[in-house]
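The structure under discussion appears below in the form of structure tokens.
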Amino acid sequence: MTDSPTAEFDAVVVGAGMAGLYSLWRLRRLGFTAVAIEQGDGVGGTWFWNRYPGCRCDVPSLEYSFGFSPELEQEWEWTEVFPSQPEIERYLNHVADRFDLRRDIRLSTKVTGATYGEDARTWTVSTDAGDAITARFVIMATGALSVPQVPAIDGIDDFAGPLIYTSTWPHDPVDLAGKRVGLVGTGSSGVQATPELADMAGHLWVFQRTPTFTWPSHNGPLDPAVQAEAKAHYRALRAGQRTSPGGVTGSTGAIILQSAEEQRSILEASEEERLAALEELGWDGTRVWGDALVDPDANEAAVELYREMVRRTVDDPELAESLSPRGFPMHCKRPVIDSHYFETFNRDDVTLVDLRQGGIDRIDATGIQTAQGHYDLDVIVLATGFDAMTGAATRIDLRGRGGRLLRDEWAGGPRSYLGLQSAGFPNLFTVTGPGSPSVLANVVVCIEQHVEWITDCMAHMRERGFTEVEPTVEAQDGWVDHVNEIAAPTMMVAPTCNSWYVGANIPGKPRALMPYVGGLDRYTAACDEVVADGYRGFVFT
Ligand code: N01
């Protein structure tokens with residue numbers, strides 16, 4: 001089937017990461033034919049590509065797993081509270097094998113375009129292998145963080161040694177022993193890689209443009225009793241995930257803060273009470289303050305507590321100051337979870353290069369030239385992030401009704417109804433796309449909710465003989481307004497915050513908050529209400 005240059009399926013699924021695998025499983029179960037097109041030469045998506053040292057998920061293992069198969073839940077054994085990349089990749093390969101999904105997956109093939117034929121009401125999907133695959137539906141399971149950002153640094157191709165992106169870390173072992181290694185970027189990837197690279201390298205220089213808010217993961221071996229307890233009550237756990245804002249119950253051995261009952265008011269706390277929170281909770285004592293999520297003064301008070309923790313952890317006061325976030329609020333970017341990040345800077349073989357003292361001018365054959373001087377390096381590691389949430393879809397020539405290009409429609413910021421469909425692009429669905437909670441919640445739960453909604457909608461159409469579904473422009477506009485309104489009081493849209501949530505990490509990308517901040521529970525209820533109301537806002541033909 002997959003060798004044919006042309007084929008006809010009910011659905012083409014773009015990607016074979018978690019969303020692609022579950023889409024295939026569910027489509028098959030509902031009796032739809034489908035093929036998944038995957039650019040990597042293995043399944044797993046994010047967990048196939050991001051194999052840098054230290055790569056780990058920040059959602060507990062027992063919750064960062066599929067809930068669609070009780071047998072799978074029972075047979076798979078997690079080993080750590082937070083799963084490492086190799087363990088998740090093994091799990092996803094197990095899923096692909098256990099459910100015989102590989103026969104419908106075409107690896108090492110990139111989708112380059114998809115055009116909607118209004119007469120036939122089908123999509124024609126083209127790939128870099130020269131295929132033209134026709135299907136009634138296209139499901140974009142392309143991931144929110146799947147397009148690495150190539151930083152705009154002069155001379156990036158001039159470096160004579162290996163230049164490695166964390167997001168495409170090589171499969172073969174990388175020998176860093178005795179090497180001078182430069183790491184650029186201190187987001188989640190850079191923070192996770194720092195302690196590991198420090199162990200591997202001769203000397204590590206960390207090039208930091210903006211200091212990070214990061215908290216210890218408290219990772220460790222998974223208590224067998226906790227695992228047994230979860231397995232005994234998995235149905236209740238899954239139900240709890242779906243009705244929580246973050247898709248996480250916190251009942252699986254991990255310390256999850258900021259649930260409503262744990263939030264305190266920093267503005268009502270005395271200086272002694274604030275410092276007592278650090279004594280009681282350590283780093284987590286900086287983020288138990290509910291008012292810091294919405295009040296700038298409360299936020300700055302919490303940031304000062306955070307800086308106090310940096311000073312208590314980093315031996316050199318000047319270095320502590322360099323590592324301290326300043327000038328933008330806590331909670332405006334994705335929280336980072338680490339294992340001994342700040343402690344790593346107390347090592348003699350690790351040097352922080354604070355780019356606020358002089359930025360990177362260029363990369364040359366022998367290293368990185370900054371305004372502070374030249375750093376001679378053998379290896380450069382780039383942990384410089386992703387063109388998040390819209391990058392994958394806008395790089396594909398997606399042509400909807402009348403030949404309109406999705407990339408043009410989204411030129412001022414992404415527009416979609418419920419994060420599921422865009423007006424003018426019938427029968428094209430997005431999993432965990434902009435306008436949905438996705439990156440702000442346990443993405444596995446988000447994926448399952450989306451895929452179930454999408455495939456249920458397809459089944460609904462089949463039952464009633466419909467061939468086309470598309471949202472109205474009014475419904476889409478209403479949803480985009482709602483997404484912006486509920487984000488307005490949060491730190492995520494603070495003008496001083498340049499996060500990938502708002503596209504600020506990509507030069508020229510329009511500044512627009514992409515995820516839905518209202519919580520997975522509220523979002524799921526909104527999706528369910530739309531269906532109960534006869535798919536309000538969607539037009540079926
Ligand atoms: O990317 P990022 P990431 N010169 O965009 C710097 C998920 N994730 O891959 O802040 C110098 O956060 C940039 O600096 P600045 C998670 O959702 C999860 O780390 O723009 N520096 C920043 O420090 C996460 O949020 C996990 O000033 C440059 C860094 O590169 C998301 O992926 C693990 C630069 C990019 O940080 C993205 O994280 C890993 C330049 N030209 C990832 N360009 C877990 O589950 C960029 N930077 C734990």
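The values are calculated or read from the model by the stated rules, or taken from the named source; none is laboratory data. Keep in mind it's a predicted model, so treat the numbers as computed, not measured. Because the Cβ atoms are built from the backbone with ideal geometry, glycine has one as well, and the counts that use them run over all protein chains shown.
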Pairing a residue in the stretch 220-231 that is more than 15 Å from Glu63 (Cβ to Cβ) with any residue that is of a type in the set (Val, Ile, Thr), where Cβ atoms lie under 8 Å and the two sit 6 or more apart in sequence or on different chains, gives Gly220/Val81; Pro221/Thr79; Pro221/Val81
By residue number, the members of the stretch 273-291 that are touching a residue at least 40 places away in the same chain (Cβ under 8 Å) and under 20 Å from Val493 (Cβ atoms) are Arg287
Does at least one position in the stretch 171-185 carry a residue that is within 9 Å of the ligand (Cβ to nearest atom), among the aliphatic types (A, V, I, L, M), within 21 Å of Asn50 (Cα to Cα) and surrounded by 19 or more Cβ atoms within 10 Å (Cβ to Cβ)? yes
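Residue by residue, here is whether (1) away from the ligand (no atom under 16 Å from the Cβ); (2) among the acidic types (Asp, Glu); (3) within 18 Å of Glu529 (Cα to Cα); (4) modelled with pLDDT under 95 holds:
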{"position": "Cys446", "(1), (2), (3), (4)": "no, no, yes, no"}
{"position": "Thr455", "(1), (2), (3), (4)": "yes, no, yes, no"}
{"position": "Phe466", "(1), (2), (3), (4)": "yes, no, no, no"}
{"position": "Val480", "(1), (2), (3), (4)": "yes, no, yes, no"}
{"position": "Trp500", "(1), (2), (3), (4)": "no, no, no, no"}
Counted residues in the stretch 60-70 being in contact with a helix residue (DSSP H, G or I) (Cβ under 6 Å, 6 or more places away or on another chain) and surrounded by fewer than 20 Cβ atoms within 10 Å (Cβ to Cβ) come to 1
Residues of the stretch 26-59 being assigned to a loop (DSSP other than H, G, I, E, B), buried (at least 19 other Cβ atoms within 10 Å of the Cβ) and more than 16 Å from the ligand (Cβ to nearest atom), in sequence order, are Phe32, Glu38, Gln39, Val43
Within the stretch 339-385, residues within 23 Å of Pro317 (Cα to Cα) and within 24 Å of the chain's Cα centre (by Cα) come out as Ser339, His340, Tyr341, Phe342
Residue check for Asp297: more than 28 Å from the chain's Cα centre (by Cα) and assigned to a loop (DSSP other than H, G, I, E, B): no
Residue count, the stretch 468-487, condition part of a loop (DSSP other than H, G, I, E, B) and under 22 Å from the mean Cα position of the chain (by Cα), comes to 0
Practice prompt. Return yes when Ile156 is over 18 Å from Ala388 (Cα atoms) and within 16 Å of the ligand (Cβ to nearest atom) and no when it is not.
Written response: yes
Taking the stretch 322-338 and the residues there that are surrounded by fewer than 19 Cβ atoms within 10 Å (Cβ to Cβ) and under 24 Å from the mean Cα position of the chain (by Cα), the one that is nearest to the ligand (Cβ to nearest atom) would be Pro335
Those residues of the stretch 341-364 which are more than 13 Å from the ligand (Cβ to nearest atom), in contact (Cβ under 8 Å) with a residue 12 or more places away in the chain and closer than 23 Å to Gly54 by Cβ amount to Phe342, Glu343, Thr344, Phe345, Asn346, Arg347, Asp349, Val350, Thr351
If you go through Ser244, Ser270, Ser251, the only one that is within 26 Å of the chain's Cα centre (by Cα), polar (S, T, N, Q) and at pLDDT 90 or above is Ser244
Within the stretch 379-395, the count of residues that are out of contact with any strand residue (DSSP E or B) (no Cβ under 7 Å at 6 or more places or on another chain) and either charged (D, E, K, R) or not in a helix (DSSP H, G or I) (or both) comes to 6
Condition check: free of Cβ contacts under 8 Å to residues at least 60 places away in the same chain and either touching a Pro at 6+ places or on another chain (Cβ under 9 Å) or in a loop (DSSP other than H, G, I, E, B) (or both). Does Gly435 satisfy that? no
Inset, instruction - Scan the stretch 409-427 and give yes if some residue there is under 22 Å from the mean Cα position of the chain (by Cα), on the phi > 0 side of the Ramachandran plot and surrounded by 22 or more Cβ atoms within 10 Å (Cβ to Cβ), otherwise no. - result: yes
For the stretch 502-513, the count of residues that are under 14 Å from the mean Cα position of the chain (by Cα) and away from the ligand (no atom under 12 Å from the Cβ) equals 0
Of the residues in the stretch 61-120 that are polar (S, T, N, Q) and part of a loop (DSSP other than H, G, I, E, B), the one that is farthest from Arg407 (Cα to Cα) is Thr79
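Yes or no, residue by residue, for (1) assigned by TED's automatic domain parsing to the domain that holds Thr212; (2) within 29 Å of Thr249 (Cβ to Cβ); (3) outside any helix (DSSP H, G or I):
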residue	(1), (2), (3)
Pro489	no, yes, yes
Pro495	no, no, yes
Tyr501	no, yes, no
Ile506	no, no, yes
Pro510	no, no, yes
Tyr516	no, yes, yes
Thr524	no, yes, no
Cys527	no, yes, no
Val530	no, yes, no
- Message: Residue under question is Ala302, and the condition is that it be more than 16 Å from the ligand (Cβ to nearest atom) and in a helix (DSSP H, G or I); does it hold?
- Response: yes
